[in-house]
Amino acid sequence: MENPSTRKNELVLDYKPQLDGLRFCAVFVVLLYHYFSYLQAMRKSYDLGIFIVFFFVLSSYLITRILLTTKQRKAGISRIAIARVFLIRRTLRIFPAYYFYLALLMLLPLSGQYIRDHAAMYFFYLSNFQIYIDQSWGRLTPHLWTLAVEEQFYLLWPWLILFTPNRHLRKAFFIVIAAGFLFRLLFAAFHPGSASETVPMVILTPSCIDAFAFGGLLAYQHSIGKDCGPLLKRIFLFSLPAWIALTLLNFPTISAGFDRIFVSIFSMIIIEGAAKGYRNIAGKFLENPVVLHLGKISYGIYLYHLIVPFAFWILFDRAAEYAEARGINLDGLARALAMPWISTLIYLPLTILTATVSWYLLEQPISKLKRLFGYTTGKNKNSGVTPSVPPAH
């Protein structure tokens with residue numbers, strides 16, 4: 001058990017419970033997007049999947065808070081050591097469930113063949129590039145590209161934050177924002193076919209970097225005691241008509257560059273509100289104990305939410321075969337259960353149950369090892385920074 005006196009002496013980042021609630025809300029939107037096929041069909045006019053950008057902004061905000069706080073307080077540890085500890089702690093939190101999921105997929109006779117054929121790309125978090133090259137989402141792997149992008153971010157971001165002087169950080173963030181925007185714009189302009197690709201170029205890492213920069217910028221502003229809300233709201237309201245016009249008029253080249261900027265700004269507004277604490281019904285919802293628990297296990301919910309329906313229908317088919325052999329036809333029941341609203345009411349609790357088991361039996365026990373890797377030196381073990389914010393998903 002942790003020594004209370006040691007905990008008291010640690011420099012702990014303030015826990016923002018509403019950010020946990022936001023994490024679950026974001027994951028819930030992804031689940032609905034995948035469980036309701038007609039939402040995916042909307043990409044002919046507008047792709048709701050773009051709101052995955054919220055994850056990137058939130059991840060960057062949380063991670064940048066940790067890095068900036070540790071950098072500023074130093075705690076008698078070098079910047080290289082801070083980066084090393086950061087990466088070890090991320091590994092302990094993220095890798096176990098992810099590799100467990102990959103192992104499950106590889107055991108599947110047919111659906112696992114794709115993972116077995118491209119094991120290196122998935123195990124080294126390069127699946128976003130593999131998915132784009134193959135132009136195939138796969139049945140159980142379409143969501144893994146976001147985890148690949150985030151892991152690539154974890155590997156690179158600490159060096160930018162820790163080794164860029166604080167007075168230049170804001171400029172660095174704006175450079176990264178411009179780079180992400182220009183990459184999408186130029187890619188769409190010089191590759192006209194990108195608008196009709198099955199897998200869009202927006203899953204490529206350079207397409208995502210501006211979202212992380214927006215999250216980093218928000219964390220930096222908060223670290224120096226400044227809010228972004230009023231300015232962001234003015235920018236949001238000013239750009240909203242242009243964004244709607246681009247969507248309705250279908251200018252894919254321009255929209256490819258602008259969409260994520262718009263969603264990132266929207267995400268910053270929501271995240272800043274939650275960081276400060278909403279004091280209305282939204283705040284009460286985000287701090288509800290059930291929502292906070294779901295936010296805590298949201299990484300598992302996100303990770304397993306596609307394999308749960310897959311497993312459910314395999315078991316149902318086996319049950320249908322057993323019933324048919326005894327003269328009972330379950331086709332009508334199958335059609336009813338396949339209706340999106342009904343199936344979601346089945347998938348969601350099963351996914352939450354799976355994520356809860358994963359949290360208590362796999363993720364939490366290994367994550368507790370992070371206490372062995374604090375942002376401290378041997379001479380100053382009680383002066384480290386203990387981030388009280390959970391991982392991105």
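Coordinate-derived values only; no laboratory data. These numbers were taken from a predicted model, which means no experiment stands behind them. Quick reminder, even Gly has a Cβ in these numbers, built from the backbone with ideal geometry, and neighbours come from all protein chains shown.
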Phi angles of segment 185-202, converted by Karplus (6.51 cos²θ - 1.76 cosθ + 1.60, θ = phi - 60°) into ³J(HN,Hα) in whole Hz with x for Gly and Pro, give 5, 6, 4, 5, 6, 9, 9, x, x, 4, 5, 10, 6, 4, 10, x, 5, 5
If amide H atoms are built 1.01 Å from N in the plane of the peptide, which residues on other chains or at least 5 residues away come under 5 Å of the amide H of Leu108?
-> none
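Would you please give the FRET efficiency between Ser196 and His293, computed as 1/(1 + (r/R0)^6) with r the Cβ-Cβ distance and R0 = 41 Å, to the nearest 0.05?
Calculated transfer efficiency: 0.45.
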Rounded if a/c under 1.5, otherwise prolate or oblate - segment 169-283, Cα gyration tensor axes | prolate
Spin-label model distance (nm) - Ser37 vs Phe310, 7 Å beyond Cα toward Cβ = 1.8
Using helices alone, what [θ] at 222 nm do you get for the chain, with -39,500 (n - 2.57) per DSSP H run of 4 or more residues, divided over all residues and rounded to the nearest 500?
-> -22500 deg cm²/dmol
By its C-alpha gyration tensor, with a ≥ b ≥ c as the square roots of the eigenvalues, how is segment 73-183 shaped: rounded for a/c under 1.5, else prolate for a/b larger than b/c, else oblate?
-> oblate
Starting from the Cα-Cα distance between Arg79 and Ala120, subtract it from 0.36 nm times their residue separation and give me the gain in nm to one decimal.
-> 11.7 nm
Put a dot 7 Å past each Cα toward the Cβ at Thr164 and Ile366; how far apart are the dots in nm?
-> 3.1
Note the full-extension length gain between Leu337 and Tyr99 as 0.36 nm times their separation in residues minus their Cα-Cα distance, in nm to one decimal.
-> 82.6 nm
So how far apart, in nm, are the two label points at Lys276 and Leu345 if each is 7 Å from Cα heading toward Cβ?
-> 4.0
Three-way shape label, the chain, alpha-carbon gyration tensor, a/c 1.5 = oblate
Using the Karplus equation 6.51 cos²θ - 1.76 cosθ + 1.60 (θ = phi - 60°), what ³J(HN,Hα) coupling, rounded to whole Hz, does each residue of segment 355-362 give in order, writing x for Gly and Pro?
-> 5, 5, 4, 4, 5, 7, 9, 10
In whole Hz, the Karplus estimates of ³J(HN,Hα) for segment 336-344 (6.51, -1.76, 1.60; θ = phi - 60°; x where Gly or Pro) are 5, 5, 7, 5, x, 5, 6, 4, 5
